[in-house]
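First up is the structure itself, then whatever we jot down about it.
Any read-out appearing in this document is the output of simple, stated calculations on the displayed coordinates, not a laboratory observation. Note that the structure is predicted; figures quoted are calculated from it, not measured. So basically every Cβ, Gly included, is an ideal-geometry build from the backbone, and we count neighbours across all protein chains shown.
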Amino acid sequence: MNPALEAIWNAIASIPRGQITTYGDVARMAGLPGHARQTAYALRNMPEGMNLPWHRVLGAGGKIVFPKGSKHYREQARRLRSDGVVVKDGKASRELMVNVDQY
């Protein structure tokens, strides 16, 4: 296994229900500042059955990065709402962002 990917997966696994974070913040939590794209890569390549809360990871500003109306967009919005996160116009409230400094 790749230690960087494992660190990213562990960071994502630690995001509490009802909270969100960005790709860049996940990278910082994993000790990889400036590697937001590696976070996206790690999510695309996570092993089947890992069951990470991928839906809690958003683009800058709390925005869903999938194209509006796509299957993935709808699924992420649905999962966020089931976590109690309000999603409006493809964005979640920044008030729900995980405090990266605690990692």
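Residue separation of Glu6 and Arg79 scaled by 0.36 nm, minus their Cα-Cα distance, works out to 24.0 nm of gained length. Shown here for the stretch 8-86: chymotrypsin sites (Phe, Trp or Tyr not before Pro) in loop regions (DSSP other than H, G, I, E, B) with at most 13 other Cβ atoms within 10 Å, of which there are none.
Bins of 10 Å, beginning at zero and ending with the bin holding the largest distance: percent of Cα pairs per bin for the stretch 3-94, please. Result returned by the calculation: 18, 53, 28, 1.
Could you work out [θ]222 nm for the chain from helices alone, using -39500 (n - 2.57) per DSSP H run of at least four and dividing by all its residues? Round to the nearest 500 deg cm²/dmol.
Details: 4 runs with 39 residues, N = 103.
One gets -11000 deg cm²/dmol as the mean residue ellipticity at 222 nm.
Each other residue within a Cβ distance under 15 Å of Ala4 adds +1 if Lys or Arg and -1 if Asp or Glu, for a net charge of +2.
Counting alpha carbon pairs within less than 8 Å and at least 6 residues apart, what relative contact order, in whole percent, applies to the chain? Intermediate results must be reported in sequence, preceding the final value.
Details: 136 pairs, mean separation 30.5, N = 103.
Relative contact order, the chain: 30 percent.
Site-free segments of the chain were taken between trypsin sites (Lys or Arg not before Pro) in DSSP loops having at most 11 other Cβ atoms within 10 Å, sites themselves excluded; the longest one is 18-67. Charges were assigned to the Cβ only: +1 to each Lys and Arg, -1 to each Asp and Glu. The resulting dipole of the chain about its Cα centre is roughly 480 debye.
Of Val87, Val57, Val100, how do they rank once you tally other Cβ atoms within 10 Å and put the fewest first? Walk me through the numbers on the way to the answer.
Values: Val87 20, Val57 25, Val100 16.
The fewest-first ordering by Cβ neighbours comes to Val100, Val87, Val57.
For the stretch 46-103, GluC sites (Glu not before Pro) meeting the loop criterion (DSSP other than H, G, I, E, B) and having at most 11 other Cβ atoms within 10 Å: Glu48. Charged neighbours of Phe66, selected by a Cβ distance under 9 Å, balance to +2 (K, R count +1; D, E count -1).
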